[in-house]
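The structure appears right after this line, and notes come after that.
Each reported figure results from applying straightforward, stated rules to the coordinates on display, with no laboratory input. Just so we're clear, the structure is a prediction, and the values are computed from it rather than from any experiment. In this analysis, Cβ positions are derived from the backbone assuming ideal geometry, glycine residues included, and neighbour counts consider all displayed protein chains.
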Amino acid sequence: MHIRKNDNVVAISGRNAGGGKTGKVLQVLPAKRTAIVEGFSIVKKAMRKTQDNPQGGIGQKESPVAMSNLQIYCPNCKKGVRTRHVKEAGNTVRKCRKCGHLFTA
Ligand SMILES: [Zn+2]
């Protein structure tokens with residue numbers, strides 16, 4: 001998987017693309033090849049009236065985004081980039097193919 005939890009990512013296609021919007025990966029769902037990204041694919045959801053939320057109304061919730069639509073955001077290139085895996089001090093880390101930035105998180 002090229003995307004991991006807590007990565008900053010950008011959408012390269014789909015309805016989140018454009019504008020260079022970045023978001024943090026909240027959850028990766030490998031079986032479905034999707035990820036939940038903070039602020040991406042917000043869907044409005046009607047909320048039932050509950051004790052916690054006596055007004056009911058409209059809530060907002062992230063829906064999963066296809067991983068193939070996401071690229072990791074490189075802070076040097078200031079855009080989504082492709083990475084390669086390299087061994088660094090015994091760990092496999094991802095490296096920006098353009099500038100060599102290491103994603104060590
Ligand atoms: Zn880079």
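Using alpha carbon centroids, what distance separates the stretch 87-101 and the stretch 18-56, in Å? Value for the Cα centre distance between the two parts: 30 Å.
Loop only per DSSP, at most 16 neighbouring Cβ atoms within 10 Å: give me the trypsin sites (Lys or Arg not before Pro) in the stretch 5-105, ordered by residue number. Mind dumping the intermediate values first?
Details: sites: Lys5, Arg15, Lys21, Lys24, Lys32, Arg33, Lys44, Lys45, Arg48, Lys49, Lys61, Lys78, Lys79, Arg82, Arg84, Lys87, Arg94, Lys95, Arg97, Lys98; in loops: Lys5, Arg15, Lys21, Arg33, Arg48, Lys49, Lys78, Arg82, Arg97, Lys98.
Sites meeting the loop and neighbour criteria: Lys5, Arg15, Lys21, Arg33, Arg48, Lys49, Lys78, Arg82, Arg97, Lys98.
Projecting the Cα positions of Gly56, Ile3, Cys99 onto the charge dipole of the chain (unit charges on Cβ atoms of Lys, Arg, Asp and Glu, taken about the Cα centre) puts Cys99 furthest along the positive direction. Run down the aspartates and glutamates and flag those whose C-alpha is under 15 Å from the C-alpha of Lys95, throwing out any fewer than 8 positions away in its chain. Reachable aspartates and glutamates: Asp7. Label point of Arg4 set 7 angstrom out along Cα-Cβ; within the stretch 89-105, amide nitrogens under 18 Å from it belong to 89-97, 100-105. Given q = 0.19 Å⁻¹, what are the Debye log10 I(q)/I(0) values for the chain, with equal point scatterers placed on the Cα positions and solvent ignored? Calculated log10 I(q)/I(0) at the listed q: -0.92.
Backbone amide hydrogens, once placed in the peptide plane, bring Val37 within less than 5 Å of Leu26, Val65, excluding anything fewer than 5 places away on its chain.
Restricting to Cα pairs below 8 Å that are 6+ residues apart, what does the relative contact order work out to for the chain? Please round to a whole percent. Provide the component values of the computation, followed by the final result.
Values: 205 pairs, mean separation 23.8, N = 105.
The normalised contact order for the chain reaches 23 percent.
Kirkwood-based Rg over Rh for the stretch 51-99 (C-alpha set), two decimals? In the stretch 51-99, Rg relative to Rh is 1.31.
Placing unit charges on C-beta atoms (Lys and Arg positive, Asp and Glu negative, everything else neutral), compute the dipole magnitude of the chain about its Cα centre in debye, rounded to 20. All intermediate terms of the calculation are to be shown ahead of the outcome.
Numbers: 21 positive and 5 negative charges, 62 e Å.
Magnitude of the dipole: close to 300 debye.
In plain terms, the chain from Cys99 to His85 could stretch by 3.7 nm, reckoned as 0.36 nm per residue minus the Cα-Cα distance.
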